[in-house]
Amino acid sequence: MTTFVDRVELHVAAGSGGHGCASVHREKFKPLGGPDGGNGGRGGDVILVVDQSVTTLLDYHHSPHRKATNGRPGEGGNRSGKDGQDLVLPVPDGTVVLDKQGNVLADLVGQGTVYVAAEGGRGGLGNAALSSARRKAPGFALLGEPGRSGDVVLELKTVADVALVGYPSAGKSSLISVLSAAKPKIADYPFTTLVPNLGVVTAGSTVYTIADVPGLIPGASQGRGLGLEFLRHVERCSVLVHILDTATLESERDPVSDLDMIEEELKQYGGLENRPRIAVLNKIDIPDGQDLAEMIRPELEARGLRVYEVSAVARTGLRELSFALAEIIAAQRAAKPVEEATRIVIRPKAVDDTGFTVTLEEDGLYRVRGDKPERWVRQTDFNNDEAVGYLADRLSRLGVEAELMKAGARSGDGVAIGPEDDAVVFDWEPTVMAGAEMLGRRGEDHRLDAPRPAAVRRRDRDAERDDADKEYDEFKPF
């Protein structure tokens, strides 16, 4: 059964925002107390966070669909809806996030590193938040914005200081088992290692990690064997260690040709040319292996490689190897530039940036694209005439109508707001009249300006009493 997965396609969906509420405060002797509809809650985000206790993407292989919760709608009495809960997905250290086209979206390295894979939708405003001195009684509220959704690809690239590379059965697993506390599977047949193994080595004051990468064969960079799946785990390593088998039973192989083959595959994969190399001649506990190591050592040193003869079984030469690796890694770490705190760069928009574009397409349709117009359309209830009129006011204030006129749009021309696959299309009229204008300005209700019924009745009674008193004074007997 599969226990290690280093590449998955994840389908994420953030929560949608809750709808705003359109409500009017009512109580005894105060039937029109003003708008009191609350705002909708924000939808939950889908967040990827590095957790070093997680070492595989297996959970997302079995459950690739993940969705955050939606925000709750607002209620009357100025009660806002509850925000949706963020969905936090732990991923291993070294996870790379890509889109379906292979573009890198984020490289998650370091405990606690966070990436928002899908952003939750905004909650809609209630009519209490939409009211103003000019718009005293909005009869509508904004809809919650849908949460973002999409597919992302997660690739795990092991974060280690040293990578052990070599042919299958060259002794990589045996070597990592004696250098560290790792316990990989060890057997006398090829491709025993099916997943990368990590171990921690302490040499003096230097502590470093070492990775055992599954065996490589000719054509690994093109997908043969297991190489293409696991060569990515070599990318982050600071040092490459060639494990060369000096006691192979295959007559057509020898350590030098094995080294040339592995180097060719690394070259074909790319990006590893500047990594320091060390050659380790393994299995010298076998007499023939010791003789072969002595024969080829001068040739490897002539290529500029530091050569170490070891035996994982007899535990020979391990101390020298571990301290040599510690020396190289310490130098690599010292040469790295000091990491500075992330600088916050503020880039204000240009003064003449309208935030939207108007283009005329071949079919005569005018398309409006921009963050604000598209968001406003998603938040509009088109079954409410007053809400449609409010949208028209917002678009007019933003300058959409003026830009449509500049582009040559006339009354009755088709206008689309949004992308081709998700747009609102309507016949444009330069002045949009909604039903609310019959009451005055949009969002106004003159009933709120009228006196309360009780006050009217009291005023009428007072007036009648005054009239009666006048009549009595005029006709009272002498």
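The values are calculated or read from the model by the stated rules, or taken from the named source; none is laboratory data. Please read these numbers as outputs of a predicted model, since none were measured by experiment. Every residue, glycine among them, receives a Cβ derived from its backbone with ideal geometry; neighbour counts consider all protein chains shown. The accessibility values were calculated without ligands, DNA or RNA, using every heavy atom of the protein model including side chains. Shrake-Rupley method; radii C 1.70, N 1.55, O 1.52, S 1.80 Å.
Compute the length gained on full extension between Ser63 and Leu365: take 0.36 nm times their separation in residues and subtract their Cα-Cα distance, giving the result in nm to one decimal.
104.5 nm
Please give the length that would be gained between Arg410 and Ala463 if that part of the chain were fully extended, namely 0.36 nm times their separation in residues minus their C-alpha to C-alpha distance (nm, one decimal).
Between Arg410 and Ala463, full extension yields 13.4 nm more.
Take Val109 and Gln52, extend 7 Å from each Cα along the Cα→Cβ direction, and tell me the distance between the two endpoints in nm.
With each label point 7 Å from Cα toward Cβ, the separation is 1.5 nm.
Each residue of region 277-294 in order: what ³J(HN,Hα) in whole Hz does its phi give by Karplus 6.51 cos²θ - 1.76 cosθ + 1.60, θ = phi - 60°, with x for Gly and Pro?
10, 9, 9, 10, 8, 9, 6, 7, 5, 7, x, 4, x, 5, 5, 5, 4, 5
Would you please give the residues with an amide H less than 5 Å from that of Gly37, counting only those at least 5 places away or on a separate chain, with H modeled from the backbone geometry?
The list, which skips near neighbours in sequence, is Ser23, Asn78, Asn127, Ala128.
In nm, to one decimal, how far is the Asn274 label point from the Glu294 one, both placed 7 Å along Cα→Cβ?
Placing both labels 7 Å beyond Cα along the Cβ direction yields 4.1 nm.
Could you give the accessible area per residue of region 30-108, probe 1.4 Å, as a whole number in Å²?
It amounts to 50 Å² per residue over region 30-108.
Quick one: which of Lys28/Lys136; Lys82/Lys372; Lys100/Lys172; Lys172/Lys267 span more than 30 angstrom between C-alpha atoms?
Those over the limit are Lys100/Lys172.
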